[in-house]
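Everything below concerns the one structure shown next.
The values are calculated or read from the model by the stated rules, or taken from the named source; none is laboratory data. These numbers were taken from a predicted model, which means no experiment stands behind them. Here the Cβ is made from the backbone with ideal geometry for all residues, glycine too, and neighbour counts use every protein chain on show.
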């Protein structure tokens, strides 16, 4: 009987770990941490989570399940897709990794894309909401919406 209780406890713990790992790095705090860390490095204030933007992002991610194509639905949006255990945190890190391509002096991308990064750090974008969906091809589609939208042509992000 005692062995049964220990086995049952172990099984329950394993199930909890599996469910926790499925949500790990996809919480609002995970998205916000990557964004706010990048913003702090350039002296821009933190963002806050916006449930309405998250619902919009989740609905859009769900609508892309069939083809998983990175087609924008409007301004103030970053998109990413990846296979395996691709997470929201991983997507945000990809966007921030564009930082070396942004030249503040010329306000241009140099040597590669930087538009995702500039949206992450856009000073007037203060609210964030993100969604994540598993596509039919088993890739993850991630969408983050920003309000107010950034990447305004001719303006610097900060």
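Numbers for the structure displayed
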{"quantity": "The range 89-130, residues that are in contact with a helix residue (DSSP H, G or I) (Cβ under 7 Å, 6 or more places away or on another chain) and in a helix (DSSP H, G or I)", "calculated": "89, 92, 93, 95, 96, 99, 116, 117, 120, 121"}
{"quantity": "Residue within the range 114-125 that is modelled with pLDDT of 95 or more, more than 23 Å from residue 71 (Cβ to Cβ), surrounded by fewer than 17 Cβ atoms within 10 Å (Cβ to Cβ) and touching a strand residue (DSSP E or B) at 6+ places or on another chain (Cβ under 9 Å) present", "calculated": "no"}
{"quantity": "Residue check, residue 150 touching a residue at least 40 places away in the same chain (Cβ under 8 Å), touching a helix residue (DSSP H, G or I) at 6+ places or on another chain (Cβ under 6 Å) and assigned to a strand (DSSP E or B)", "calculated": "no"}
{"quantity": "Residue within the range 57-66 that is modelled with pLDDT of 95 or more, touching a strand residue (DSSP E or B) at 6+ places or on another chain (Cβ under 9 Å) and not in a helix (DSSP H, G or I) present", "calculated": "yes"}
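One line per residue, one yes/no per condition, for (1) without any contact (Cβ under 8 Å) to a residue 12 or more places away in the chain; (2) under 24 Å from residue 137 (Cβ atoms):
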{"site": "43", "(1), (2)": "no, no"}
{"site": "68", "(1), (2)": "no, yes"}
{"site": "87", "(1), (2)": "no, yes"}
{"site": "106", "(1), (2)": "yes, no"}
